[in-house]
Amino acid sequence: MDDPVQALAYAQADFTASHGTRVQMFRSLFPQLTLNGPVLDLGCGSGDVLLRFARAFPDAHFVGIDGSRPMLELAQRAIDADPALRDRVRVRYGIIPQCELPQEPWRLIMSHSMLHQLHEPQVLWRTVAECAESADSGCAVFVADLRRPRSEQDARSLVQAISKHEPEILQRDFFNSLCAGFEPDEVRHQLAAAGLRQLRVTTQEPYHLSVSGVL
């Protein structure tokens, strides 16, 4: 999203129904995990999910990476507006796999709604595997993304049910994103090809899936 208008429309949208449940989803997948230390968010966008996690886990500190400068500008504004987050959340520009990522003993690597945007999904899984190598004693992985509907008509029905009050540009992007999403078995094949069979794919209703586990 290099178009500032498109980025702003996304940032101003109401994602309560999806992003609002993301922390709860994470906690249900990792009930025993105490989240402290460094967290890496790949594809943080305008920072909505990133900041939800930062507020929910005050003992962790966060680094968000994204390839859209307009989205990062919006994320930085949100960080600057909350004094409690300024010292714990950083965002920086980068496009995987060519960007140089921070080397930290990551406690968690997460990514939200990025997988379906990649022409080559192995880019994400290779990056996750490489970043997890710097962990001291196991790194949690939590990836949540759209799940492709059964048909184009089902995708249109979801857009109408969920985003009918949003701007047309956002409805169009949502439809395209749904159609670009992966089915759970496709993601399982991606993980097997990347040597990440220990990660588990779970269907999350009504139109999401999650990938979770410890590397």
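The values are calculated or read from the model by the stated rules, or taken from the named source; none is laboratory data. Just so we're clear, the structure is a prediction, and the values are computed from it rather than from any experiment. A quick note on method: Cβ atoms are made from the backbone with ideal geometry, for glycine too, and the neighbour counts reach across all protein chains shown. Areas reflect the complete protein model, heavy atoms only, side chains present, ligands, DNA and RNA absent. Shrake-Rupley method; radii C 1.70, N 1.55, O 1.52, S 1.80 Å.
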Residue match in region 186-200 (condition: assigned to a loop (DSSP other than H, G, I, E, B), of a type in the set (Lys, Arg) and touching a Cys at 6+ places or on another chain (Cβ under 9 Å)): no
Residue, nearest to residue 40 (Cα to Cα), within region 55-87, restricted to residues that are in contact (Cβ under 8 Å) with a residue 40 or more places away in the chain and assigned to a strand (DSSP E or B): 63
Matching residues, region 181-210, being surrounded by fewer than 16 Cβ atoms within 10 Å (Cβ to Cβ), in contact (Cβ under 8 Å) with a residue 12 or more places away in the chain and aliphatic (A, V, I, L, M): 193
Residues that are part of a strand (DSSP E or B) and open to solvent by 20 Å² or more (accessible area, probe 1.4 Å), drawn from region 108-165: 147
Within region 85-107, considering residues that are of a type in the set (A, V, I, L, M) and open to solvent by less than 10 Å² (accessible area, probe 1.4 Å), the one farthest from the chain's Cα centre (by Cα): 85
Any pair with Cβ under 9 angstrom, 6 or more apart, that starts in region 169-180 at a residue that is in contact (Cβ under 8 Å) with a residue 60 or more places away in the chain and part of a helix (DSSP H, G or I) and ends at one that is surrounded by 15 or more Cβ atoms within 10 Å (Cβ to Cβ) and hydrophobic (A, V, I, L, M, F, W, C): 169/9; 170/9; 170/13; 173/1; 173/9; 177/146; 180/146
